[in-house]
Amino acid sequence: MFHKIQTSNILCVGAGGIGCELLKDLALSGFRRVQVIDLDTIDISNLNRQLLFRSQHVGMPKCTVACEVATNMVPPLTLPSDDGNDDDDDEKPTNNDNNNTSNNLPSILYQAHHGNVCDTSKFNVPFVKQFDLVVNALDNVEARRRVNRLCLAADVPLIEAGTTGYLGQVTVIHKSSGVACYECTTQETQKVYPICTIRSTPSMPVHTIVWSKELYKLLFHSKVDDSMLFEDPEGEEPSTYMAAVSNLRNSEEDKDGLLFSKAVRDVLHDLCSTEIQKQLDMGRYKAAKKTPTCLDVSILEKGMTAITPPSSTTDIWSLEESVTALATCLREAQTTPNENLLEEFDKDDDMAMRFVTAASNLRSSVFGIEPLQSLYSAKGIAGNIIPAIATTNAICAGLQILQAFSILKRQLMLEQDRSSGGEKENGDDVAGLQLDKSCFYVNCIRNRTRNGLYLTAVPLEKPNPNCFVCKNAVIPLTLNVNEWTLQELLHRVIKGRLGFEEPTLMLQGDFIWEEGDGADEEEFKMNLPKKLSQLPCGGIQHGTVLEIDDNSQSLNVCVTITHKDEWDGDEAPEDFPFVVGALPPKKKDDVENKPAAGAVAVSSTEPTKSVNADNNDDDDDVVLIIDEDEAKIDTVENGGKKMAAKRSIDENADGEKPTKKAKTKPSKEDNNVEVIEIED
Amino acid sequence: MATTNTTDATTTTTATAATDQQQKQQKESDVYDRQIRLWGAEAQKKIQNSKVLYLHVTGSSSEVLKNLCLAGIAATICDPRPASALDSSPCFFTHPTNNNSNNSDEDQENPTKKQKIKYDSVAHAVRPLVEELNPLLGSCPILTKDISTLTGEDLIDFAVVIASQIPLEESVRISKLVPNGCIFYTIDCFGMRGASIIDLGGKEFKYRPEQGKKLLDPIPIKDYVSLPDMVEVPLHKAINRFHKKGPPPTWVMYRSLLEYQRQTTRWLGDGGNNDDNAAAAAAKKIIQEFLKNEQVTMTENDLNDLITAGMAQVAPVCAVLGGMVGNEIIKIISGKGEPANNTILLDGGACKAWTFLVKAKE
Ligand SMILES: [Zn+2]
């Protein structure tokens, strides 16, 4: 077995919190062939848990440093034979052991790939096929989906893990073992905020923070119309604040700063007062629960005349202080050379962070949104920062390697079976790795279960028959075929929600779209702006079956279209779960209420587990913002809620047969079910 | 808008001192940001004001050491064993030795000085790496004493004392020496399993239970059994309603290994005698005798695994148990959440871990 460990080929995707722990465990366990993919560079906030990095490494690529440090942790081949005696055995024989030389061990090689795992030219199915197994240490759904699909296509076992704060999960995915894949449960993807919520009807702190980031862009971005708050000054409806905005953007340095102060004041006044009054006059908030109130002019004046901006990062600034803070930021920006001024918000930029904290609190107060945020907590929301600690990462990475041992053991047994040519007694027994029998879905929890468990292990889930990724299930999609264009369908649903990289679209065997290597994109470009129902080959209508093919991830699925004319408020096609194994909510109640004949207990088939607890690292998620009026898509960095649904587990402490409870109604006291919400 | 460029010489020095302090605080809040967002600034302050004493640095305790140092809890090390004791454990606090023998000419051209350095003890060998791991903690003190000569005075500064691979009678002795309010922990990994013994110091130990995000008022721990009392509990009586037939196998194994050490004064598997048939048979006999006295059984498979692996430490097993113990110690220091009481048991093969209360069932 140790020889198998030494000679196996491992791919580790991610070199962050979990990745560092994985590499340490791999090295200390004696693995010699490991490749690492990571895109990130080292940040100071990584140092509290990413044990391979030191402050002198800040700014360097994670994978390179991690590989270098891990290589040095691989234990020498021969251990000193005399224990307890450290005299004069510096000249340790490292290669004189007969076993080692005859074993032909590969040299130690921890190879770094500084890049994005979604790069199809480099990391594709043939690349993945060279590994005995893949361990994931990722922090986002997109990359996880990508690795999931590559491993399924290559039929290489994938050990997946995720942590959020104290909580973590580990699971194993393997196509031919007949176990669930990452996408068998719906994954929380990017949080979506409708543009009108941001622009006129915010109700949560996160909404005002998104607004403030847009305001930052409106004031500092070289292309003013990149901001979601931009209003065309030549538009039909005169804008209340664009005149003041362009005045401020164009203001020159004046001697006593009075003109500049006035420009700042005007912008704040127009945004927090004039614009609000206009909306009130239009009757926009008649039906709303809360009516906004314009910012008190005296607060604005006092804030503008104060000189000292607030400095605390943990106290909540008063409204006056917020005005002063904003004015100070704008003055700083004016004296900063353009090339040093960030065009877009970055949570790690001090000025940008003060700007957003102050602006969002002013706006929150206007809309009566609570609580107001300190700079520290605003940073958590604005940067979508997920708390992370070394301990949980260490536990999950350790569990991943333990599962890796199980997998390698099975692989070794298969190899030995094959080489001895010995079929098992009943020939059909020699089937594959059967990881469903040797691996587990493991949950790491903070508060013990009733019977004392901190780590719970249950058999791997069966695949979800409705999974389009591993079960090739048909995807139902409901939308308005007369309004959606092919462009929107491609970006919002096919690439956005379904995670295709280079899709080819076919209607009744004819191509309507093709991209990727060797594709003739020019030929199909003309289809992009067409409404779905107007596409060639009969177009996409109610009941049409659309075929999607993606060679880059060996995926081929069919989508059945349901046309729907009427849409409620914020509802959008891509918000519908495409891959839920669960019965729709109504039906589920039916099942529960109906006394099933002969069945003792109806266990919910709903897969409630998931490994979507995002592993710590950063942040700055790109979030979709939909403008439902113009059907235009904008991307904005944003913070949102992340949920990690935990599966309720109750089993005999002695590890006898696990009895899975129907987990439809977790009681509040039941600490087996943990749902974590990141503050918002 | 620079307005404050006029500071005179007298104020500069105090100002620099203040900025140094500020800079350190800024660096601390940058480095610890992701965990402060988890447990709050107040808990972080408690953490940074606490010290932990490590009695022996092994594969398993080095994991705790790493986790707690990264979190900001300063370490003191007491490990007078020869530095070579580290060679046989999967501990990343080891200096890069010349293990890439098969390839590089570079190695021959620049024979690294590092590998020539001789350390007096494990503690000395580990110290520079601990200091490098989290420079914010400053220097890492060494307690240059033999474990058996430690007195209560030596333990006075610490919130937690963590022992690994020390004889059971030493654990009993030290757990009685620790001052009020100090917690005593053992951590050991053996093959695919690992175990910790916990002495929370007394029945007056209090913690604040968590209910969702809410932190409730402090309450005392429900059952307290001191370490000396708990190791006196016969194994067949260490049962509860979830473990009716006997204690979890991992507890029985840990006790068996400690018993083997007590009788032979060496750890099972030390010196690489695992493959020696005679030694294995002798070990088996000792353990079987012990099990008989304690009126518990162990499957033949478990017994064989136990003897084959002995105290051999497996890196990922150490990582999992070390992570769990790290979490528990943070709970204890921050006062948040119900801590494990009075053992933590890990079965790495099954990927399961429990806290199990060892208490005589009447
Ligand atoms: Zn699937």
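Which loop GluC sites (Glu not before Pro) in the stretch A:157-254, with loop taken from DSSP, have no more than 14 other Cβ atoms within 10 angstrom of their Cβ?
Listed in order of number, the matching sites are A:E234, A:E236, A:E252, A:E253.
Rounded to the nearest 0.05, what FRET efficiency do B:N293 and A:R249 give with R0 = 60 Å and r taken as the Cβ-Cβ distance? Could you check?
E(calc), rounded to 0.05, equals 0.10.
Stokes-Einstein diffusion coefficient for chain B at 37 °C in a medium of 0.692 mPa s, Rh from the Kirkwood formula over Cα pairs: what value in µm²/s?
Using the Kirkwood radius from Cα pairs, D works out to 147 µm²/s.
Pull up all non-local amide H partners of B:K51: gap of 5 or more, or a different chain, and H-to-H distance under 5 Å with H placed in the peptide plane.
B:A159, B:V160
Among residues other than A:Y241 whose Cβ falls under 10 Å from its Cβ, what is the net charge (Lys/Arg +1, Asp/Glu -1)?
In short, -3.
Using a 1.4 angstrom probe with every protein chain in place, what is the largest-first accessible-area order of B:E294, A:E523?
A:E523, B:E294
If amide hydrogens are placed 1.01 Å from N in the peptide plane, which non-local residues have theirs closer than 5 Å to the one on A:E461?
Amide H neighbours of A:E461: A:A180.
Per the 1.4 Å probe, what fraction of the accessible area of the stretch B:113-220, in percent, lies on carbon and sulfur atoms?
Carbon and sulfur: 53 percent of the exposed surface of the stretch B:113-220.
Using a basic spin-label model with each label point 7 Å from the Cα along Cα→Cβ, how many nm lie between A:S203 and B:Q263?
Result: 7.1 nm between the two label points.
Under a Cβ-Cβ cut-off of 12 Å, what is the net charge of the residues other than A:W211 that fall near it, where Lys and Arg count +1 and Asp and Glu count -1?
+2
Tell me the accessible surface of A:D436 in square angstrom (1.4 angstrom probe, heavy atoms of protein chains only), to the nearest ten.
The value for A:D436 is about 50 Å².
Ignoring ligands and nucleic acids, what accessible area does A:D155 show with a 1.4 Å probe (Å², nearest 10)?
Looks like 60 Å² after rounding.
Along Cα→Cβ, 7 Å out, is where each label goes; now give me the distance between the ones at A:D232 and A:K290 in nm to one decimal.
Those two pseudo-labels are separated by 3.4 nm.
Given a 10 angstrom Cα cut-off, can you work out which residue in B:I73, B:I174, B:I221 is the most mobile in a GNM of chain B?
B:I221
Rank B:I287, B:P247, B:G310 by how far each Cα sits towards the positive end of the charge dipole of the stretch B:210-359 (+1 on Lys, Arg Cβ; -1 on Asp, Glu Cβ) and give me just the farthest.
B:P247
To the nearest 10 square angstrom, what accessible area does A:T335 show with a 1.4 Å probe?
So the heavy atoms of A:T335 present about 70 Å² to solvent.
Could you state how much accessible area is buried at the A-B interface, both sides summed, with a 1.4 Å probe, in Å² to the nearest 100?
Buried: approximately 6500 Å² between B and A.
How about the stretch A:284-388: which GluC sites (Glu not before Pro) there are in a DSSP loop, with at most 15 other Cβ atoms within 10 Å of their Cβ?
A:E343
Just tell me how shielded B:81-94 is by partners: mean number of partner chain Cβ atoms within 10 Å of each residue's Cβ, no decimals.
Across B:81-94, the average partner-chain Cβ count within 10 Å equals 4.
Compute the FRET efficiency between A:L342 and A:S312 as 1/(1 + (r/R0)^6), taking r as their Cβ-Cβ distance and R0 = 22 Å, and round to the nearest 0.05.
0.40
How many Å² of accessible area per residue for the stretch A:197-382, probe 1.4 Å?
47 Å²
Give the shape of the stretch A:197-382 as rounded, prolate or oblate, defined through the alpha-carbon gyration tensor: a ≥ b ≥ c are the square roots of its eigenvalues, a/c under 1.5 means rounded, and otherwise the shape is prolate if a/b is larger than b/c and oblate if not.
The shape class here is rounded.
Sort A:S246, A:S261, A:S222 from largest to smallest accessible area, using a 1.4 Å probe on the heavy atoms of the protein chains.
A:S222, A:S246, A:S261
Place a label point 7 angstrom from the Cα of A:D225 along the Cα-to-Cβ direction, then list the residues of the stretch A:341-367 whose backbone nitrogen is under 20 Å away.
A:343-344
Starting from the residue with the highest accessible area, list B:C140, A:C294 in decreasing order, probe 1.4 Å.
A:C294, B:C140
For A:L258 and A:K525, FRET efficiency with R0 = 56 Å and r from the beta-carbon atoms, rounded to 0.05?
0.55
What Kirkwood hydrodynamic radius do you get for the stretch A:147-253 when you take the inverse of the mean 1/r over all pairs of distinct Cα atoms, in Å?
When all Cα pairs of the stretch A:147-253 are included, the Kirkwood radius is 18.3 Å.
Using the Cα centre of the stretch A:197-382 as origin and beta-carbon charges of +1 (Lys, Arg) and -1 (Asp, Glu), tell me which of A:S261, A:A378, A:P238 is placed farthest towards the positive end of the dipole.
In the stretch A:197-382, that residue is A:A378.
The values are calculated or read from the model by the stated rules, or taken from the named source; none is laboratory data. These numbers were taken from a predicted model, which means no experiment stands behind them. No Cβ is skipped: glycine too gets one built from the backbone with ideal geometry, and neighbour counts run over all protein chains shown. Calculation scope for accessible area: heavy atoms of the full protein, side chains included, ligands and nucleic acids excluded. Shrake-Rupley method; radii C 1.70, N 1.55, O 1.52, S 1.80 Å.
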